[in-house]
Structure formats: C-alpha cells, structure tokens
Amino acid sequence: MAAIETNMRLDAKGLACPMPIVRTKKAMKDLEAGHVLEVVATDKGSKADMQAWAESTGHQYLGTIEEGDVLKHYLRKSSGEETAERTYPHVASNDQLEEKLASGASIIVLDVREAAEFAFKHIRNAVSIPLGDLDERMAELNKEDEIYVICRTGTRSDLAAQKLSANGYAGIINVVPGMSGWCGETVGLHDSADYDGC
C-alpha cells in the first residue's frame, strides 16, 4: 500500500482516553487548514473517539489503519469557521445521577465506553452501546426516554449526546465526570485499577 502523505505525526501510544483526543486537539491548533495529521495510538477506543471528535469539530476524519496493536488515525484540518467545537449543553453530575437512580425514577443509563471497560465496572442495569456502534444501534433506544449518557471522563458521552440529540432524542443528559469519578453502586469484574477513584 502506498504511504499516506501527512504534515504532522503525533505519538499517542500508551495513552488512554481522553489523552489521545487532548493531544490531538493541541496538535490540530498548530496545523494549517488543509494539512493532515497522523495520530499513532494503542487505545482501541481511540478510533471511535477520533471519528466522533472530528465530526463534532468540523475536521475531516480520513480513516484508520490498524497494524497489529497500533492504530494510525488520519485527520485533515478544516478551515477556521468550520472548526468551532460544540459542547452538549444538558449536563448532570455523578451525584445528580446517583440521586436519580436512588429515587427509582424511570431513566436509562447509556454507557458508551468500550465493551471491555464496561465489563470491568458499570452502573447496574446500564445499557452498553460503545460510541463507535451508536450509529448502527441507536434504534435500540426509545426517543421518549430520559437517557443519561456516561463514559469514563465525559468526553465520549458528550459526543454521543450530541449525536443522539441531532437524531431526535429529546431527553438526553451528559454525565460528568463519568465513571472515572463514580462512587455509587457498580457491578462487573471490579479489579481494574483505572476505576478506584472513590
């Protein structure tokens, strides 16, 4: 296969969400419009993150090449007026979600982390739809439900909330900071050091 011509290369190997996106945002600021950034990562969730982030900012996601455990993401910087990043306005804190669950309210908790992350620790009865699968599986959700979207840090859930809202789901709320700071009841394997913050 012919080599892909890029203007900048970013090494994000060994970094977990949200760091590949944080580094990508910073690198994109230094690129000229129309230039291509190559992001080399090992976080499997970074593919969905890159696609969704590019979509939310107006940058162009060109694709990802997998070479063993390494993912090479390619993004093209769009011109200035296209790149204003959107942030989903309806947000709840972890405590607010915990109170809602304790009250017995009829809500859906949508976990958009990768399946492996979900397996280790998740909120009881949460629905698992990884961000990368949301386009194909969105119809599994009821547009009339009140849906609290959660990920590890609030980044992927923000992108998922924007996507759901744009597709006619009215009761969407993004949970921040998400599972990285969740102190409520959880189920799962529970032996992941990433989630022992409480």
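General observations
- The chain - accessible surface per residue (Å², probe 1.4 Å): 50
- Here the Gaussian network model covers the chain, with springs between Cα atoms less than 10 Å apart; of Ile172, Ile65, Ile150, Ile65 fluctuates the most.
- Portion, in percent, of the accessible area of the chain that falls on carbon or sulfur, probe 1.4 Å: 47
- The trypsin sites (Lys or Arg not before Pro) of region 103-195 meeting both criteria, a DSSP state outside H, G, I, E and B (loop) and at most 14 other C-beta atoms within 10 angstrom of the site's C-beta, are Arg124, Lys143.
- Each Lys and Arg Cβ is given +1 and each Asp and Glu Cβ -1; about its Cα centre, region 1-77 then shows a dipole of about 220 debye.
- Student exercise, the chain dipole from Lys, Arg, Asp, Glu Cβ charges, in Debye to nearest 20: 340
- Of Lys77/Lys121; Lys100/Lys143; Lys121/Lys163; Lys25/Lys100, those spanning more than 30 Å from alpha-carbon to alpha-carbon: Lys77/Lys121; Lys25/Lys100
- Highest GNM mean-square fluctuation among Gly168, Gly104, Gly188, for the chain modelled with Cα contacts below 10 Å: Gly104.
- Residue among Gly154, Gly184, Gly63 with the largest mean-square fluctuation in a Gaussian network model of the chain, springs linking Cα atoms under 10 Å: Gly63
- DSSP-defined antiparallel bridges as percent of all bridges, the chain, nearest 5: 45
- Note on region 1-54: percent of Cα-Cα distances in each 10 Å bin, starting at 0 and stopping at the bin with the largest distance, equals 24, 55, 21, 0.
- Using the Cα coordinates of region 18-99, the gyration tensor eigenvalues translate into equivalent-ellipsoid semi-axes of 25, 19, 10 Å, sorted from longest to shortest.
- Region 73-180 - percent relative contact order, Cα under 8 Å, separation 6 or more: 32
- Computed over region 1-154, Kirkwood Rh from alpha-carbon pairs, angstrom: 17.1
- GluC sites (Glu not before Pro), loop per DSSP, at most 15 other Cβ atoms within 10 Å - longest free stretch of the chain: 86-143
- Charge dipole (the chain, unit charges on Cβ, about Cα centre) - positive-most of Ser46, His73, Thr153: His73
- Shape metrics for region 80-190, restricted to C-alpha atoms - Rg then Dmax, Å: 13.5, 46
- Whole-number percent relative contact order across the chain, with pairs defined as alpha carbons under 8 Å at least 6 apart: 18
The values are calculated or read from the model by the stated rules, or taken from the named source; none is laboratory data. Here the structure is a predicted model, which means the values were calculated and not measured. Please note: Cβ atoms are built from the backbone with ideal geometry, for glycine as well, and neighbour counts cover all protein chains shown. Heavy atoms of the whole protein, side chains included, go into the accessibility calculation; ligands, DNA and RNA do not. Shrake-Rupley method; radii C 1.70, N 1.55, O 1.52, S 1.80 Å.
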